[in-house]
Every structure is written in C-alpha cells, then in structure tokens.
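Take this structure first; my questions come after.
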Amino acid sequence: MSLVDYASARHRATATLKTRHWRIQPGLWLAWAVMLLALLAAFAPGLFTHYNPTQGIPGAQRLPPQAAYWLGTDQLGRDLFARIVYGASQSLAAAFAAVAMGLIGGTTLGVLAGAVGGRTENTLMRLVDVLLSIPSLLLSLSVLILLGFGTVHAALAVGIASIASFARLARGEVVRVRRSEYVEAAYGSGGSFWQVLWRHILPNSLTAVIAFAALQFGQAILALSTLSFLGYGTPPPTPEWGLLIAEGRNYLATAWWLTTFPGIVVVAIVLAANRISQQIAGGDA
C-alpha cells in the first residue's frame, strides 16, 4: 500500500468511526423504531389491520377512538387507523423517490462543479443559486402545474426542488477534500483525475451528503403532505397522510381525531428522520 493510499484509508477509517459512533440513547433507538414501523406498515399493512382503507362501514361514520376502531372512523365510516397504515406506502414511496432524485441529481452536479472547478463550477453554481433563490414550495407547485397532479408528479416536483440543496452541500464537501494533502499527493504521484476522484475525493466527501439525505427525507414527507393537503398530490380515495389531514379539517370541532392522528404520524416520522440524520453525521452528543 502506497503512502497516499494509507493516508486516504486512515482518513476514511477515522470518519467512519466518528459517523458510526453508537451510544445507548433512548431517543435514537426510538427514532429507528418509528422508522422501521413505518417501513413495515408500507410493505405489509395487513399485519397491522384487517379493515379496508377505502371501504366505509355503514352506520360507523365519525366514531371516536374505541376498542373496535382504535383511532376512530372518518366521515364515510372508514377506519382511520387502516387509512393511516395503508397511507404509509404512498407517503414513504413518494418521499424515497424525491430524495433519491435530489441525491443523485444534486450530488452529480455538486461533485462535477467541485472537482472540475473553473468555468464549469461557476456556471453550475450560478444555476444552483437561481434554484435556491426560489422557495421550494413555489418551485414544487410550478413543476406540478407543468406536469400535472398526482403522486408521481408530486415526488418529481419535490425531488427537483431539492437538487440545488444537495448540489451546494456536495460541492462544498468536494472542495474541502480536494484541498487535502493526500489528494494533492495522489495527483503528484501520477494519479489521473478520475482515479483521484473515485478513490480519494468521493469516499471522503459523501458522509455529510448521506446525512443530509436522511434529513431531507423528513422534509420530503412534509412537502408531499403539504402538496396533498392543497389538493395537488394523491387523489382520493387513496389514503395518504396529507390527504387525510385535508379531509378531516372540516370536522375539527366534531371529529378532532381525523386530523390529530395523521398529523402526529407525520411529525413523528419527520422527527425520527432528523434524529437518524444526526446519528449518521456523528452528532450524537
């Protein structure tokens, strides 16, 4: 192993130890438990409830939480708990797609700008600055108007709105690593641009980007719920968390559970994603 490879490997090992530093923290384990339950509900909703989320029960309209209906029923007699459970697949799948689009597109732009530099960096980062100057909700709505409404288009809109943030972070991390001594030594040892980028720059600059992706997952849940609440996301009767809150807002005085419980689920997922992102970034303190 050459000196350059040893220095790079040592740097990666140190970063890995910092980012994977686990301690017994109830909040961290609770965050992982919440996220795992949500994923399980998305992939196997039948394990949690036997009710049909789109079929109403005659005579069971707007029943409060009780033994038969744990979270009550909605205005059409549909079990709210079943709708929340089945809504996990819609909300989480759209959020994953949005984050994946932002992560891949934004990281590619950021790495290219930070590694190449010069006019390429200036051109790409000015484009990123323009995107960052537009509020994310306004940009998402603009994309939705062009593409049309629906879950897939909402995920695309949120993903496009997050590309600039990923690009800015990735570019900053690449520039920081590019100026390191072991990267300069790798170039001095005859390493090509692509070899140095693949073996030294990328492995040591993506930790913060991955942590930001976990944080952005919670933000994507919020953004998608907002779009559904406004009527631009998943169409009824398909259950989706933002749509459930929107459907229950007209019954706040008489059926508070219709908005309260879906809202609690959204908040819990967002807080769990934020806590997990702190753990990935090594911020357990």
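The values are calculated or read from the model by the stated rules, or taken from the named source; none is laboratory data. Values in this document were obtained by computation on a predicted structure and should not be read as measured data. Quick reminder, even Gly has a Cβ in these numbers, built from the backbone with ideal geometry, and neighbours come from all protein chains shown. Please note that ligands, DNA and RNA were not included when accessible areas were found on the heavy atoms of the full protein model with its side chains. Shrake-Rupley method; radii C 1.70, N 1.55, O 1.52, S 1.80 Å.
Relative to the present Cα-Cα distance, how much length would full extension add between residue 129 and residue 37 at 0.36 nm per residue of separation?
On the way: separation 92, 0.36 × 92 = 33.12 nm, distance 3.77 nm.
So the extension gain works out to 29.3 nm.
Moving on. Which percent of the accessible heavy-atom area of the range 74-281 goes to carbon and sulfur, probe 1.4 angstrom? Please report the intermediate quantities before stating the final value.
Numbers: 6110 of 9070 Å².
It is 67 percent, rounded to a whole number.
Rounded to the nearest 0.05, what FRET efficiency do residue 50 and residue 76 have when you use their Cβ-Cβ distance and R0 = 25 Å?
On the way: r = 18 Å, r/R0 = 0.72.
Approximately 0.90, to the nearest 0.05.
Taking the solvent-accessible surface of protein heavy atoms with a 1.4 Å probe, what is the per residue accessible area of the range 74-281 in Å²?
44
Mind checking which of 197, 162, 100 is farthest towards the positive end of the range 74-281's charge dipole, using Cβ charges of +1 (Lys, Arg) and -1 (Asp, Glu) about the Cα centre?
197
At q = 0.08, 0.12, 0.14, 0.19 Å⁻¹, what is the base-10 log of I(q)/I(0) for the range 74-281 according to the Debye formula with one equal point scatterer per Cα and no solvent? Please give it to two decimals.
-0.35, -0.67, -0.83, -1.23
Taking K and R as +1 and D and E as -1, what net charge do the other residues with C-beta under 13 Å from the C-beta of residue 124 add up to? It would help to have the intermediate numbers written out before the result.
Working: positive: 119, 126, 168, 171; negative: 121, 129.
Result for the local shell: +2.
May I ask you to derive the FRET efficiency for residue 267 and residue 230 from their Cβ-Cβ distance with R0 = 22 Å, giving the value to the nearest 0.05? All intermediate terms of the calculation are to be shown ahead of the outcome.
Working: r = 19 Å, r/R0 = 0.84.
Computed FRET efficiency for residue 267 and residue 230 comes out at 0.75.
Just check the range 33-77 against the gyration tensor rule for me: Cα atoms, a ≥ b ≥ c as the square roots of the eigenvalues, rounded for a/c under 1.5, and otherwise prolate or oblate depending on whether a/b exceeds b/c. Let's see the in-between values first.
Values: a/c = 2.85, a/b = 1.99, b/c = 1.43.
Prolate.
What is the P(r) of the range 61-187, as percent of Cα-Cα pairs per 5 Å bin from 0?
Using 5 Å bins, I get a P(r) of 2, 11, 14, 14, 12, 11, 9, 8, 6, 5, 4, 3, 2, 1, 0 for the range 61-187.
Another question, then. Using a 7 Å offset from the Cα along the Cα-to-Cβ direction at both residue 104 and residue 256, what is the distance between the two label points in nm, to one decimal?
The modelled label-to-label distance comes out at 4.5 nm.
Label-point separation (nm) for residue 179 and residue 116, each offset 7 Å from Cα along Cα-to-Cβ?
According to this spin-label approximation, the distance is 2.2 nm.
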